[in-house]
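S.K.: Okay, handing you the structure first.
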Amino acid sequence: MRKKNLLFVTPFFPTFVRSDIQLLQETHAVRINRYPWQHKALAPLFFFLQFFSVLYHIFRTDAILISFGGYWSVWPAVFGKLFRKKTLIILHGTDCASIPELGYGSLRIPLLKMACGLSYRYASDLVPVSESLAGTELDFDPAIRNRFQGIRHHFPAVTTPIHAVHNGFDPDAWPFEQVENKAPGSFLAVMSAAQYRLKGGDLIAAVAPSFPEYQFTIVGMDAPETTHPVNLRFVGKVPQAALARLYRQNRYYLQLSSFEGFGCALAEAMLSGCIPIGSSVNHIPAIIGNNGFVLSKKDPGMLRQLIDQLVHVTDPEKWALNARRHIIASYSLAFRKQELTQLLHGHAKQT
């Protein structure tokens, strides 16, 4: 049986995008359309070139899948509509938000918001990685005044069907050994320098001095030039194997985001046996389940109390194993593959 031809459009290749490509290559002949859109000065050139590229390939394409809404999603969505090709846009978070207080969200930029709105209107289906991206109210971070976020809030006139499909994870890529291999009082978080406030790096820095006997580590960014606690260390960007090793070495994980499309690093850490504290935003509480603690407000005093509770849990091995089992049961690659395939074939329930 002939594999259907899928045009896969993405502006870059984070781990979860590469995972989707690998999943869909099992059932589709995947052709990737990608330009280096991060070079913003060249975006008009890429927009021009992509017009002809998508037009050329549209006649050999059975369906289109776009990862992230943006300038790169306009022509695929327009031509998909024009030539009646099933067109999905996977939404990851920044393409559903405008939070100027934190400098976050593609929808802060008027022209980019216009491109997203046009794409969302012409797509066959919108596929956010969590239900919260359809619509959510943020009350965790007092600095955020624009509390209402999500597709339905920012684009109330868009009637395109919305189907949430959670990210999936390979347990073998994030192994767990034993709690005894994890240093007591060791806390880990993952973020880039641009995400420092968004992901709660400032909150970690605020509480670390209260626990001088514990070690806090932030992966993904170098140490800022400003002073920081002596028990807070920064590790720059690392490859996946090194990140998996850091997960295995640390006993606890902090996901203190003010907004989070899904929380892939949180799920990876839990697969690796880290016991989490997460913020009460978006899909984070669902990922944690009953296997950690949820911080209801961005408040240093409240976080100190939760850390005290976390480090005194009885039977941490059981907590770690349950965290891993929860992610395996709830966020499998097989289920994501099934859901995306059903959507590409036109069979799915609307969120």
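S.K.: Would you be able to say whether some residue in the range 58-65 is more than 22 Å from Ser258 (Cβ to Cβ), among the aliphatic types (A, V, I, L, M) and more than 22 Å from the chain's Cα centre (by Cα)?
M.R.: Yes - at least one qualifying residue is present in the range 58-65.
S.K.: Residues being open to solvent by 50 Å² or more (accessible area, probe 1.4 Å), of a type in the set (D, E, K, R) and either out of contact with any helix residue (DSSP H, G or I) (no Cβ under 7 Å at 6 or more places or on another chain) or closer than 21 Å to Val238 by Cβ (or both): count how many of those fall in the range 179-201.
M.R.: Counting residues in the range 179-201 that are open to solvent by 50 Å² or more (accessible area, probe 1.4 Å), of a type in the set (D, E, K, R) and either out of contact with any helix residue (DSSP H, G or I) (no Cβ under 7 Å at 6 or more places or on another chain) or closer than 21 Å to Val238 by Cβ (or both) gives 1.
S.K.: Continuing with this model, one more query. Residue pairs, Cβ under 8 Å, 6 or more apart or interchain, first in the range 19-37 and in contact (Cβ under 8 Å) with a residue 60 or more places away in the chain, second among the hydroxyl-bearing types (Ser, Thr, Tyr). List them.
M.R.: From residues that are in contact (Cβ under 8 Å) with a residue 60 or more places away in the chain, the pairs are Asp20/Ser67; Leu24/Thr341; Thr27/Thr341.
S.K.: Report yes if Phe68 is farther than 12 Å from Leu6 by Cα, loosely packed, with under 13 Cβ neighbours inside 10 Å, at pLDDT 95 or above and aromatic (Phe, Trp, Tyr), otherwise no. Don't jump to the end; show me each part of the working.
M.R.: Details: farther than 12 Å from Leu6 by Cα: yes; loosely packed, with under 13 Cβ neighbours inside 10 Å: no; at pLDDT 95 or above: yes; aromatic (Phe, Trp, Tyr): yes.
No, not satisfied.
S.K.: Follow-up question, since we're still on this one. Can you name the number of the only condition in (1) buried (at least 23 other Cβ atoms within 10 Å of the Cβ); (2) within 15 Å of the chain's Cα centre (by Cα) that Gly292 fails?
M.R.: Condition (2) is where Gly292 drops out.
S.K.: Return a yes/no flag: does the range 246-257 have any residue that is touching a helix residue (DSSP H, G or I) at 6+ places or on another chain (Cβ under 8 Å) and part of a loop (DSSP other than H, G, I, E, B).
M.R.: Yes, the range 246-257 has at least one match.
S.K.: Also, I was wondering about something else. I'm checking my understanding of the structure. Among residues of the range 170-225 that are part of a strand (DSSP E or B) and within 21 Å of Gln305 (Cβ to Cβ), which one is modelled with the lowest pLDDT?
M.R.: Within the range 170-225, the subset part of a strand (DSSP E or B) is 183-190, 215-219.
Now drop any that are not within 21 Å of Gln305 (Cβ to Cβ), which leaves 184-189, 215-216.
On the way: Pro184: 91, Gly185: 94, Ser186: 97, Phe187: 98, Leu188: 98, Ala189: 98, Gln215: 97, Phe216: 98.
Filtering first and then ranking leaves Pro184.
S.K.: Follow-up question, since we're still on this one. Pairs only if they're at least six apart or on different chains, beta carbon under 9 angstrom, first in the range 176-187 and at positive phi, second open to solvent by 80 Å² or more (accessible area, probe 1.4 Å); list them, first residue then second.
M.R.: Cβ pairs passing all conditions: Gly185/Glu213.
S.K.: Moving on. Which one is nearest to the chain's Cα centre (by Cα) among residues in the range 202-227 that are surrounded by 14 or more Cβ atoms within 10 Å (Cβ to Cβ) and hydroxyl-bearing (Ser, Thr, Tyr)?
M.R.: For the range 202-227, the residue satisfying everything is Thr217.
S.K.: Count, please, the residues in the range 172-197 that happen to be more than 17 Å from Gly263 (Cβ to Cβ) and over 17 Å from the mean Cα position of the chain (by Cα).
M.R.: 13
S.K.: Right, here's the next one. Residue by residue through the range 295-304, note down the ones that are open to solvent by 40 Å² or more (accessible area, probe 1.4 Å) and outside any helix (DSSP H, G or I). It would help to see each step written out before you state the result.
M.R.: Applying the first criterion (open to solvent by 40 Å² or more (accessible area, probe 1.4 Å)) to the range 295-304 yields 296-297, 299-300, 302, 304.
Selection gives Ser296, Lys297, Asp299.
S.K.: Residues in the range 138-149 that are out of contact with any Ser or Thr (no Cβ under 8 Å at 6 or more places or on another chain) and surrounded by 24 or more Cβ atoms within 10 Å (Cβ to Cβ): how many?
M.R.: Counting residues in the range 138-149 that are out of contact with any Ser or Thr (no Cβ under 8 Å at 6 or more places or on another chain) and surrounded by 24 or more Cβ atoms within 10 Å (Cβ to Cβ) gives 0.
S.K.: Out of the residues in the range 228-282 that are without any contact (Cβ under 8 Å) to a residue 40 or more places away in the chain and open to solvent by less than 10 Å² (accessible area, probe 1.4 Å), which is farthest from Ala323 (Cα to Cα)?
M.R.: This residue is Leu232.
S.K.: Please verify whether the range 129-137 includes one or more residues that are assigned to a loop (DSSP other than H, G, I, E, B), within 30 Å of Trp319 (Cα to Cα) and open to solvent by less than 10 Å² (accessible area, probe 1.4 Å). Even if it seems obvious, please write down each step before you answer.
M.R.: First, the residues of the range 129-137 that are assigned to a loop (DSSP other than H, G, I, E, B): 129-130, 134-135.
Subsequent filtering for residues that are within 30 Å of Trp319 (Cα to Cα) retains 129-130.
With open to solvent by less than 10 Å² (accessible area, probe 1.4 Å) added as a condition, the list becomes 129-130.
Yes, the range 129-137 contains a residue that is assigned to a loop (DSSP other than H, G, I, E, B), within 30 Å of Trp319 (Cα to Cα) and open to solvent by less than 10 Å² (accessible area, probe 1.4 Å).
S.K.: Taking Lys337 as the residue in question, decide whether it is over 25 Å from Thr217 (Cβ atoms), among the basic types (Lys, Arg), open to solvent by 40 Å² or more (accessible area, probe 1.4 Å) and out of contact with any strand residue (DSSP E or B) (no Cβ under 9 Å at 6 or more places or on another chain).
M.R.: Numbers: over 25 Å from Thr217 (Cβ atoms): yes; among the basic types (Lys, Arg): yes; open to solvent by 40 Å² or more (accessible area, probe 1.4 Å): yes; out of contact with any strand residue (DSSP E or B) (no Cβ under 9 Å at 6 or more places or on another chain): yes.
Yes, satisfied.
S.K.: Just checking, which of Lys81, Lys85, Lys4 is modelled with pLDDT under 95, over 27 Å from Thr136 (Cβ atoms) and basic (Lys, Arg)?
M.R.: Working: Lys81 fails: modelled with pLDDT under 95; Lys85 fails: modelled with pLDDT under 95.
None of the others qualify; the one that does is Lys4.
The values are calculated or read from the model by the stated rules, or taken from the named source; none is laboratory data. Since we're looking at a predicted model, the values are computed, not measured. We place every Cβ from the backbone using ideal geometry, glycine too, and count neighbours over all the protein chains shown. Heavy atoms of the whole protein, side chains included, go into the accessibility calculation; ligands, DNA and RNA do not. Shrake-Rupley method; radii C 1.70, N 1.55, O 1.52, S 1.80 Å.
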